[in-house]
Structure formats: structure tokens, C-alpha cells
1. With charges only on Cβ, +1 for K and R and -1 for D and E, what is the dipole size of the range D:142-228 about its Cα centre, in debye, rounded to 20?
2. To the nearest 500 deg cm²/dmol, what mean residue ellipticity at 222 nm is calculated for chain F from DSSP H runs of n ≥ 4 alone, each contributing -39,500 (n - 2.57), summed and divided by the residues?
3. For the Cα atoms of chain A, what angle does the longest principal axis make with the long axis of helix A:217-227, in degrees from 0 to 90, nearest 10?
4. With springs connecting C-alpha atoms under 10 Å apart, model chain A as a Gaussian network and identify which of A:GLY189, A:GLY197, A:GLY116 has the largest mean-square fluctuation.
5. Return the subset of E:LYS8/E:LYS106; A:LYS205/C:LYS105; B:LYS8/C:LYS205; D:LYS68/F:LYS227 for which the Cα-Cα distance in this structure is over 20 Å, preserving the input order.
6. What does the charge dipole of the range B:46-103 about its Cα centre add up to, to the nearest 20 debye, if the Cβ of each Lys and Arg holds +1 and the Cβ of each Asp and Glu holds -1?
7. Distance from the Cα centre of the range B:135-181 to that of the range F:46-60, in angstrom?
8. What does the net charge come to around C:LYS225 if you take all other residues with beta carbon closer than 14 Å to its beta carbon, with K and R at +1 and D and E at -1?
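Derivation of every value follows stated rules applied to the coordinates shown; laboratory data play no part. Computed from a prediction, not measured in an experiment: that's the story for all the values here. All Cβ positions, glycine included, derive from the backbone under ideal geometry; neighbour counts span all protein chains shown.
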Protein chains: 6
Amino acid sequence: MNVNEQLKNITTATITTVLLKKGLRNVWVRGAVPLKPDQPRIVGRAFTLRFVPAREDLATPQSWSSPKSTRAAIEAMPEGCIAVVDAMGVTDAGIFGDILCARIKKRGVKALITDGVVRDVAGVRGTGLPVWCQGAAAPPSVAGLTFVNWGEPIGCGGVAVFPDDWVVADDDGAVLIPAAFIEEIAASGPEQERLEGWIMQEVAKGASLPGLYPPNAENKARYEKTKS
Amino acid sequence: MNVNEQLKNITTATITTVLLKKGLRNVWVRGAVPLKPDQPRIVGRAFTLRFVPAREDLATPQSWSSPKSTRAAIEAMPEGCIAVVDAMGVTDAGIFGDILCARIKKRGVKALITDGVVRDVAGVRGTGLPVWCQGAAAPPSVAGLTFVNWGEPIGCGGVAVFPDDWVVADDDGAVLIPAAFIEEIAASGPEQERLEGWIMQEVAKGASLPGLYPPNAENKARYEKTKS
Amino acid sequence: MNVNEQLKNITTATITTVLLKKGLRNVWVRGAVPLKPDQPRIVGRAFTLRFVPAREDLATPQSWSSPKSTRAAIEAMPEGCIAVVDAMGVTDAGIFGDILCARIKKRGVKALITDGVVRDVAGVRGTGLPVWCQGAAAPPSVAGLTFVNWGEPIGCGGVAVFPDDWVVADDDGAVLIPAAFIEEIAASGPEQERLEGWIMQEVAKGASLPGLYPPNAENKARYEKTKS
Amino acid sequence: MNVNEQLKNITTATITTVLLKKGLRNVWVRGAVPLKPDQPRIVGRAFTLRFVPAREDLATPQSWSSPKSTRAAIEAMPEGCIAVVDAMGVTDAGIFGDILCARIKKRGVKALITDGVVRDVAGVRGTGLPVWCQGAAAPPSVAGLTFVNWGEPIGCGGVAVFPDDWVVADDDGAVLIPAAFIEEIAASGPEQERLEGWIMQEVAKGASLPGLYPPNAENKARYEKTKS
Amino acid sequence: MNVNEQLKNITTATITTVLLKKGLRNVWVRGAVPLKPDQPRIVGRAFTLRFVPAREDLATPQSWSSPKSTRAAIEAMPEGCIAVVDAMGVTDAGIFGDILCARIKKRGVKALITDGVVRDVAGVRGTGLPVWCQGAAAPPSVAGLTFVNWGEPIGCGGVAVFPDDWVVADDDGAVLIPAAFIEEIAASGPEQERLEGWIMQEVAKGASLPGLYPPNAENKARYEKTKS
Amino acid sequence: MNVNEQLKNITTATITTVLLKKGLRNVWVRGAVPLKPDQPRIVGRAFTLRFVPAREDLATPQSWSSPKSTRAAIEAMPEGCIAVVDAMGVTDAGIFGDILCARIKKRGVKALITDGVVRDVAGVRGTGLPVWCQGAAAPPSVAGLTFVNWGEPIGCGGVAVFPDDWVVADDDGAVLIPAAFIEEIAASGPEQERLEGWIMQEVAKGASLPGLYPPNAENKARYEKTKS
């Protein structure tokens, strides 16, 4: 089973717990909320885009035709990636609307994650592209943002994202897994999920929390027995 | 076809793009989110109301009976207007509850737009009045706000709104169109929508973005042909 | 009829109006939004929990087994209380996930109110525990918070909450009623609701607001007649 | 001795304490910091100015020549007033620079209070006009603000200010006294100052605080003796 | 030489570097700025005070005479401690004025650290008590805060502070050292200062940074020689 | 006279006015305040540095020795440039301390501009390097920031800065002049300063503002005469 398949069964809550135990506390993208309530969990590698603030001589409709445009960035996205966009948390200019999201979906991109917002939100929902963002705003990106490049290290929602880092997104938002940690997370996550499932059953039976979550020696032994 | 009818078919996303091309970048009301997910697009002229911060000697239940009350303001609203309320972005006191919204609806007001919040939100939803706001709070307006007047220039969500400016609101929020620009927007908007519809079809067919959106000469020609 | 039953029929909007008339303007918990859209109104007494910021030597997975843990706090919650948690408004670490919420529900706690967020939000929804909070975040509490104690005065969403104060929560959020005010609110609330119901009917008939809401002498008399 | 003279000897700290005892908790202008460290205490009546957000068709250098300009507002300021400017807390556009402040000073205005900032701050300091503000920014007002009117109720730093309310400003910032409260404050303030002076002496002698500040019956009696 | 003396020669910058190497990244109190520009470095153990938000029935001038008042807290402060006050970052109500600060100074308290503000700031400066805070505000604490207790774990400027933790404050602000880490910091700090002093001399001579700061093997050897 | 010399006599207030007339409203760096009160006006070309948020596996003391370190960036700074650092507005980790600032000064860099803060502020002041920043914090950059590169487009205080754009900084803060606009600003600025100087004299003589600032035809003629 590959990393993709393994991560699909691990919640972002579990991933952040495992990463914290390895010393990584800052991996959750602030402001990236699911645009639709029922989006599935998505796993993929980050393809980064970067905006800086708008400047009236640069952030123009003309810039949309330049070689360093969001359009060119989209055409550079590899199939199966997750687009992660540093919009500096700007919420009054939409980074992409229905047309760009339709093309992103068409290119086989798995999801769009940003600390900014989208525009023409009804249309974006219509494209079927899973999106995590801060919401919607009508104005075009150039009303507040200047696009500068793709494939660079970025900040997104207070998290450092480097090209090819892994991203997992579900109802709790989007989490970054540094490329160097992916094997370990994929390996240890399922066991953590299984343990938490057992604890949940114990709670359902009326067990109290101290000694159960996390389990003490006795409960660990009881749990281990269930696996054999 | 009048302005009202023309604008009904133009998204706020398109309106902000057209206004930006005319040099207006700051026309989208921050914080005015649709209270219900399926509100139709609303078009109308702004009727403004203005609050200042609460002062315990002024912001009292007694003030609700004064000649400069929110009650008097509501009775002054003309049929077909859109009420736009400057609540200074205050989110911990509701500007209106179910009773006031029921009366606003009864007077034939098309919608309520504010950078503040409403109270008794279940009741407000029940009135059928379309509302764009930051959410809900239980406390009455006087817990945080002093009402001062109607029919004045205001700020709402970071946008300057003058009486009789036009407002269009949809899923992307609320956009201000200065009265002097309305004819031009109503005239050029539909063409922009038609062009974007054609681009969307091209994307669906697999076209790539550079040269298509915005269209280069070749694509412009192809598009023009579709119109004949 | 006991206080609990009486308060169940009074909206938080009405409670804040009555408290404001008694000089209490700051009783509404900022940021505590219903986690599900259709949660019933909940009434109960506050059981408080308190977090301070995370410190790497204190906020550890090991701390979950300490005598002053969130686990111990949950086991101390009396049946029928409402858990009110001071998370200092932190939105990037979830105070509780599905396991803790399942146990809270199991202990007969009526609701969870916090100015922070929960994690594993799909699981939390599944427990059936009514929650008012700022949303969801994947990381565990120790990523941003150190738990210190229960049963102490706290701040929650800008409101002072003392153990055994009353809390009412509905679609408009959560409101604090100081223990010393509860009898009076429970007694005067229903009349306020009845009056507002009558006013709503008058508005439905087309009555205008000045003199009606609040009612002048004439309207007061008309209303009083309806009660006999 | 007139109100002006009486208030000159009362600190803003004392004024806020006395107003709080009368039920007014929200009278201190947030963000209005002395521009120079050694500005004297200033007392006067408020002359209000109001800005709304910038709109590119309104907030232009041309607007500086319109009849509703900041220039016209300044010429309408009466001698001895304090100019209080609602800049909506905007800190990236200066409301006035050296030229406007020089003219304000020339007209005999006692001070300028704003929740915004000034520009050309070195020049403004050179005019000798006492200013309370959030600091300095280079851009002109029209980069972020549209001036609309003077002589209206405003919000300034979260406080409601009505024309002709009284304002006192010192090292602790600027405080609003509603016109209706001025006689009482002017009358009771000096006694409060005298009492606090006596308490300060007792503390210097080594007295402990409980029973002294506020004084119990015994200490009240001791203090009263000192006055005879 | 005792811990106090050792720490007096170590900057807060150096202390935070050493703590970070031990895994503690969050030890610097946000918002605690020196009230006077030339305050000396202060070292001491934390005596904590805790406020929650104001509630009109609790936060009253009468509360100043209660057994759980700020006055009683001050009388409980041991000589040589540093008072650390959790004001929840509130900047529109002063926690203490000149009288309370004079008494704190009189009791031999070394310094006052808070994430809030003081009032009667001219008077506070006059007491000679070194203060680190966010600035000044005229209103009394009860305008925005309810005092609850002393000697408890608190949050201050985003940092967890437990009673008897160590605090060091200088021009860069205030830093928390957990009691368990103090010996190590006091021991390793001076060497770090000496090394940085040597690096500074090298920079003055024109050395470039890579290999120097931090030093590579060659430069480490050169530095070690200077110590013999 | 070269551009450098010409700009030295033009205030940032005047530069922003001239740029606004050319359609550029967003050129002032928010948060970049002079570290010392008496810093001279500085003119130079931007050398950009970029940080993203801290990640515990990247933002380490070890990273200070990497080829993409702040140390390497400093060694790449050309003499006479102005270092402009994108710290994403982070105020709880200092980008540079005394050692790095000493080296920057040594390399002939004219000034340091950032939307973040410095550390070891007493030492930084001692280096003589003119700095514009948000203040000071004790923790090292790696406590909150990961350095990624130099020589790239950045955002700084809400302004887009491209390598080799011009920067002017004085008491009002720091202003960006796009490289393409520099000749025009350098040419038209001095005339604007001369005009404002004449207006200031007129105000000193008692002239009123309307018709004077901006000048009407009559005043323009009077001013032109003074030049001959």
C-alpha cells in the first residue's frame, strides 16, 4: 500500500498529534476551511504559488497575460498535486474564480488550499474542485494581490510550505507533513487510529478517561489483546 | 430593459472586475456574508443608516422611542431600496432582531446589508428578508452601538457608501456601484458575462488558459464568431 | 415550574435585553457559535475549565496523564452542568476531540461552550454533544494551550464566568446569567417574550414601529387587553 | 472659577473614575496617544470631523478644493475648541500634515484628537499644536479616507463624541465628558484629587492599602481632619 | 555568585537563544515594553495576579475593598519578587495607577510586568517602580477587568507563567525562565555572552559572518585561545 | 545632481502625494517606525530578504550555517543599498541582533527596513545602523521565522517590493518608489516642496486654507511670481 493510500485513513487530528510528538507544533494551515461540508479527505504533494500585496502598476488585468501569471502557474501544475497558495491571509480579493478552478480541476489537481479566499464561489463550487479557504470575496486577485511565482517556499496560514511537502486536508482543515517525515507518519498513523477507535469503544461502554486516554499499562495490555 | 433587470444577470465578481478597470478597487463590503445559503442576487439603491459606539447615557432602551431611532429610520425607508447599515464592524451587539426585520420586509425593502450582526437570528431568517451580515449576536444594539442618523454618507465594511449609490449582493457578498457609474456597468456587464461563459466552455473542452483568459487576438476572433 | 424550564422558553436575545436593563451589558460569549445549525436551546449551570498558553515543558502528551489534566476535569463534571472552557480565544489548537466529547456526553453534561475550537470535528458531531465554539482545528490542545484547573473564575469570549453562574445557549450564541440574577430573569423573561410575540403579530398586520416597539401607553393598553 | 480652570487640575484618570461611578464606562479614546511626551493637560469642547473609507472617485486631490473639504472644516473651527477627528482607526493615511496643523493652531484651536495618524510628523511637531493620535504615516488622507462632514456625532477610538461634548487630554490620553455631566465632574473632581493626594502621602509613610484606598470610616475621618 | 547576580549580566536575547536550544520557543511576554527608556535589567521570581473580563456586578469601586482585591494581592507580595499581571492584553483600562505602584515599590517589589496598561502614567513614572507594559490608559481597572486572584498559573502576553518561575526583563522586554531551567541558564548564559562579545569584536575588525556566527571549528579554536 | 541627492530633500509625505496623483496609493510600509527619533532621511535601492513562518525542523540554530542563511544574505548586500526584510509582520521574534546589524553597517548598507522587529535593541542602536521596524523582541528569528532567500519580490508592511525598487525613509516611515517612476519623482518632488514651503509661509501670515492649499489660479500666480 502506498503512502497516499495509507494517509487517506488517517485524520489530520491524528497526524498533528504524531508530528507534535516529533517536535513539530506548527503544521496546521490557519484559515483553510472546507468550502463544502462534505469534502472527502485529500492527500497529495504541495505545488506552491505566491502572491505579494497589490501595487497598482503591477496588479492589473494586463498582468493576467504575463509569463509569470496565475494562468501560467496553473498550466505548470502536475497531475495529482495539491495547489497551496500563499495569499498572505488577504480576505478581500479572490485568488481564483470559476474559470481558473475549472481549469485546475481539468488538469487533475486534487485540491486547492489557501489562506485567502475564492471569488464567484457558486461557480467554484460547480467545478467540483475541493477547496479549503477563508471564504469568498467578489473582487479579482489584482484588487489586493500581485502574483509573483510558483514552486517556491511559501507561508500559508502561518505554516511554512516547501515544494513537494505533503498535505492532508479534511474536515479539520489542512495539515503539512514535511517530506522527510512522510514515511514515518504513514507507518505510525494507522496504529494510532486503531488505538483511538478502541478507546472510543471503551468510552461508549462507560469507561472513565484517566488511565484510558492515554492508556496506562493495564489498558495497553487489554488493547494489545484485542489485536491478536 | 432597465438597470435593475440588467444588473440581475451580472455577478458581483464581474462588477468588481469592470469597476477595477475604471480605477475603483475598493467597492466590496468586508464582512457582509449571506445569512442564508440560497439568497437570490439583489439589486437596489442604498438607504444608509449610521451607528457610533455605545455610550451608557445615550444607548438605552429609552432611545428606541426617540425621533432619531432605528424605528424612525425604518419608517423612512422607501420601497425597493436596500438598507445599508454602518455598524463599524461591531460583532457583539445585534443591530436588528426579528421584529425590526419583519417591519423592514413589510415596507418592501429588498435586502439588509451590514458590517455588523443581527440578533434573534432564527426569527430574522423567518421574516424572509434577505440579509448580508457578519453573523449573529444575542445582545441588543444598545449594548454596543448608539444609533445616530439615516440618509448620510457612511462606511460599511471598509467601503464608502453614499445615499442612492447602487448595491448588488449575491453569494460573493455585496458590492457598491457609485451612482455615476451605473449606466456603464449595466451596459458592459452582460458582454463580460457572455465572454466568460464562452471561456468556461472552452475550458470544459480542455483548452489551456494562456491566450484564452483573457483572450488573445485569435481567441477574441473565435469568440466574436460565436456571437454572429 | 423550575428555573430550567422557565429559561428554556426565553431566547438569549430577550435575556440580554433584560440584563441590560439591570445594568449588565457584557454577558454574551464572543466566538461561541453553534457547531450544528439545529441545536436546541440549552440551560444549565457553568462548570469552568481554564487553559493558559502552551509551554513546551508543560504542554505535552505526558500532561494528559497528570492529576490536573483535562481528563480529570471531565470526570469532575456534575450531571446536568454546562462545561465552559476558557481557551483564551485560541483557534489553532482544538481543546477536545471526539473521545473527550463522547465522555463528556456520557457523563450527562448538557453542552460545551468555549471561545476556542474543537478537533476531529466530524467525530465530535457524531457524539451528539451540543457544542458552541469558534470552529475546528486539527492540532491537539497541547500544540497551543496548557491546561491548569477547573472550578475557577474564568474569562470566556470576553465574559467573566464564575462557577455555578447560569448559562443559556441557542442560535444567537451563549449568554451568562450571574447566579444572583437568575430568579428575576426566569420570572420576567416570559412576559417579555409574550409582549414581543404580540408586537410581531401587529407588525404582520402592517403596524408601524414608533409607538409599538417599545409600546406607548395606548399600545400597552391594547396589549394588556389581549392577556385577559 | 470656570469649568475650564477646574478641569485643568483633574487628571483623566480621576475623571474616568468619577464617570464610572455614574455608570459611564466607555469614555476613553483608544489610540489617541500624546504626539510629544510633555504636552500639558488640555480642556475644551469637541468640534467633530468625520471621514469614511477612501473611494477612488471621491478621495482625490481635487476633493481638497470642494466645499465639504477638510480645509473648509478647519475654517469653521471656533477658537478654543478641540478638534476631534473620526478616522475610523486608519493608520496608513495621515489625516493632516504640517500645513493644516499650522492653520488649526493659527485659528486658536487648543488641540487635535484623533484615532488616526498625522503625516509630515516632524512638521506637525513644529507647529506647536498639541496632538493626540496613533502615530504617523506618510500618505495623504485621500490614500485611505474620504472626508464627509464636520459638526456631526462621531465615533473616535471606540467612544461616541457629540458636538460640544467636553474633552480632557493628558499623558493618559483623551477622555470624553458628555455635556450634561460637566458641572458635576468639575465640582467633584478636585475633592477626589485631594483625597488621592492624601492617600499618596500615607503610602509614602508606609501605610498598607486595605482600608486606605478606598478609605474605611477610620481613614475617612483622619482625612477629613486634614482638611480643617 | 548567586543566580540573581549571574542573570543580571545575561541579556534576554541570550536567554531566549539558550532556552530555544532546549526546546522552549515561547517564553517572551508579548506587549510588555519598558515604560521608561533607561530601565536597568531586572531579575526575580514571579508573583502572579489574574484578571478576567469586567462584569458590571463584580467590577465595581466597591470591589476594591473586598478580600480578593488588587490591594490585598499587593500586600501579599514578598520583597524581591517581580509582579506579573495577566490583564488578558486589555489596553483600555489601567491595571494600577500611581498609588498602587507607590505601594508596590514600597514593599520592595523589583518590577511590574503586564500585558495590559497602567493609568496615571506620569504618577507611575514618579514612583520609580520599573514597569513593562503596553502603555497607558486613563480608565480604572474595573472599566474593563475583574480581579480574581493571586498566586495562580497565568497567561501573560501569550506566555504561561507559574508562581516562582523566574523572570528577566530588559530593553528587549520580559522573558520567562521555568524554575526547573534556572540553574542551567545561569550557568551557560555568561559563556554565550562572552562568545558573542568576541564575535562582535571580529565583526568590528571586518570579519564576514559565515563561519563566524555561529563559529566553525577554526573560529571556535581562535576564540578558545582568547580565553586562556 | 543625481537621483539620490534630489530625493534627499523630498519628504516621504510629498513622495506619496506625487505617487498617488500617478495612481499609486499603496506604497507606504506599515509598521516600519524609526528605531531612533533623529534618524536622517535615507535614500537607496531595495535589497530584499524573505522569511516564511517557523517550522521546528527548519528554523534551527543549525540553519544559521546553511548556504541560504541570513548570514549569506548579508554578505551579498551591495554597498549603498537599503535592506528591506519581509518578516510577515511578526513581532515576537527579532530578525537581527547587534552582531548582524554591525556587519550590515560595516558592509556599507544605508538602512534596514522591516515589518518585523529587531532583538538586542540596545546593541542594535549602538551599531549606528539606521533601522525602521515595529520595535524589539528578545527571541531569535528562528523562534518564529524561517529564512528562505534574498533578491526576490517580497511584501513588506503590505507593500510589494521588487529588487532594485527605490526606498526613501524618514520620520513618517518608509516609502517605496517603483524603479520606473524614479526619474519623474526626483524631478517633480522639489517643486512640490517649494510650493508647500510658500503655502506654509502664507499660513504663518494668517491666510485661510480654501484657495490656498491647493492654490487657486490667483494664488498660483502669486506663487509663480515669488520664483522669479
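1. So the magnitude is around 480 debye.
2. So the calculated ellipticity at 222 nm is -9500 deg cm²/dmol.
3. 80
4. In the Gaussian network model the winner is A:GLY197.
5. Check vs 20 Å cut-off fails for E:LYS8/E:LYS106; B:LYS8/C:LYS205; D:LYS68/F:LYS227.
6. That gives the range B:46-103 a dipole magnitude of about 120 debye.
7. 40
8. The answer is +1.
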